[in-house]
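A.B. asks: Below: one structure in structure tokens.
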Amino acid sequence: MQLKIILNRVQKFKSFVYKLVRWVGNEAAPELEVEVAERANGKPVCSGCGRHRPGYDRLAKRRFEFVPLWGIKVFLVYAPRRVECPSCGIRVEQMPWAMGKRPLTRAYGWFLASWARRLSWKETAEVFRTSWESVFRSVEMAVEWGRAHQDLSGVQAIGIDEIAWKKGHKYLTLVYQIDAHCKRLLWIGKERKMKTLLRFFRWFGAERSQQLRYICSDMWKPYLKVIAKKAGQAVHVLDRFHIMAHFSKALNEVRAGEVKELKAKGYEPVLTKS
Ligand SMILES: [Zn+2]
């Protein structure tokens, strides 16, 4: 079976065809290059507006890294056309396999991004003999896609938490969906101020905020204030650690007060250090 047949099976494009496949690289690090060409009479598509536009010129050949085959690097090679677009000006054409300006194909980007969930980014880069930068770009692409396709309907329970990052009290505010059927990170914001959480609610939208039924957080004051203001209808579940800390403190104050009073009245202060 030829490589072209496999490619047409896993990644076929309407307006492009696979041409010559050849070995490049050297004995120690062999690579495969697959030439890509546009179909005859196929008009290029403007990457700005997504419409068919007349061609303008052609740029030099570019290599786009594809998913490796048996550990052998595979590259698609194509000389992109530029279009003369009445709305966008001179633009590079849209290439359905490309990930913007990145030198990776979308297919490889998704491949690396899915491995980067299981391995560290560094390990992913090492295992597939690519750069940390490529893994980073792939994760970035996957996150951008995920953000653009995120479905926020039906969120009823959220949890708000802060984490410290770096040294010197730098915080991030994290908001999770914690419904029984769906647990996921929804949003991250810098710092843990009132305006941080206000930004979340602005992003989440007033209508969805009104539909929240449960909100879980610790007793950090700025959060409490914003939650009361933006989703006062929701049951606010507070974390056990802070509740118990406050409870113990209050209990101790009462105990100390009682000891004082017992002493003052001439009784044996039985509650001392108890
Ligand atoms: Zn355009």
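The values are calculated or read from the model by the stated rules, or taken from the named source; none is laboratory data. Just so we're clear, the structure is a prediction, and the values are computed from it rather than from any experiment. Cβ coordinates were reconstructed from backbone atoms using ideal geometry, including for glycine residues, and neighbour counts include every protein chain displayed. The protein model used for the area step is the full one, side chains on, heavy atoms only, and it has no ligands, DNA or RNA in it. Shrake-Rupley method; radii C 1.70, N 1.55, O 1.52, S 1.80 Å.
A.B. asks: What's the ranking of 177-184, 108-115, 130-137 by average number of surrounding C-beta atoms within 10 Å, highest first?
C.D. replies: For the peptides 177-184, 108-115, 130-137, the packing ranking is 108-115, 130-137, 177-184.
A.B. asks: Cα to Cα, under 29 Å, and not fewer than 8 places away if on the same chain: which lysines meet these conditions relative to K249?
C.D. replies: Candidates past the 8-residue exclusion: K170, K193, K221, K225, K229, K260, K263, K265, K273.
A.B. asks: Can you give me the accessible area per residue for region 1-96, using a 1.4 Å probe, in Å²?
C.D. replies: That works out to 61 Å² per residue.
A.B. asks: Once the convex hull of the C-alpha atoms of the chain is built, how many Å³ does it hold per residue, rounded to a whole number? Could you put the intermediate results ahead of the total?
C.D. replies: Values: hull volume 64.5 nm³, N = 274.
So the per-residue hull volume is 235 Å³.
A.B. asks: Which percent of the accessible area of region 22-123 is formed by carbon and sulfur heavy atoms (probe 1.4 angstrom)?
C.D. replies: Of the solvent-accessible surface of region 22-123, carbon and sulfur hold 52 percent.
A.B. asks: Ok, one more. Per residue, how many Å² of accessible area does region 189-266 show with a 1.4 Å probe?
C.D. replies: With all protein chains present, region 189-266 gives 70 Å² per residue.
A.B. asks: Now for a different question. Return a whole-number percent for the relative contact order of the chain, with Cα pairs under 8 Å and 6 or more residues apart as the contact set. Please report the intermediate quantities before stating the final value.
C.D. replies: Values: 406 pairs, mean separation 23.6, N = 274.
About 9 percent, as a whole number.
A.B. asks: Number of Lys pairs in region 1-119 with C-alpha atoms less than 20 angstrom apart, excluding same-chain neighbours closer than eight positions?
C.D. replies: 15
A.B. asks: Simple spin-label model, 7 Å along Cα-to-Cβ: F241 to K273 in nm?
C.D. replies: According to this spin-label approximation, the distance is 3.0 nm.
A.B. asks: Sticking with this one: Carbon and sulfur: what percent of region 157-240's accessible surface (1.4 Å probe)?
C.D. replies: For region 157-240, the apolar C and S fraction of the accessible surface comes to 57 percent.
A.B. asks: How far apart, in nm, are two points set 7 Å out from the Cα along the Cα-to-Cβ line at L152 and at A256?
C.D. replies: About 4.6 nm, to one decimal.
A.B. asks: What number comes out for accessible area per residue over region 98-148 if the probe is 1.4 Å? Units Å², please.
C.D. replies: Value returned for region 98-148: 61 Å² of accessible area per residue.
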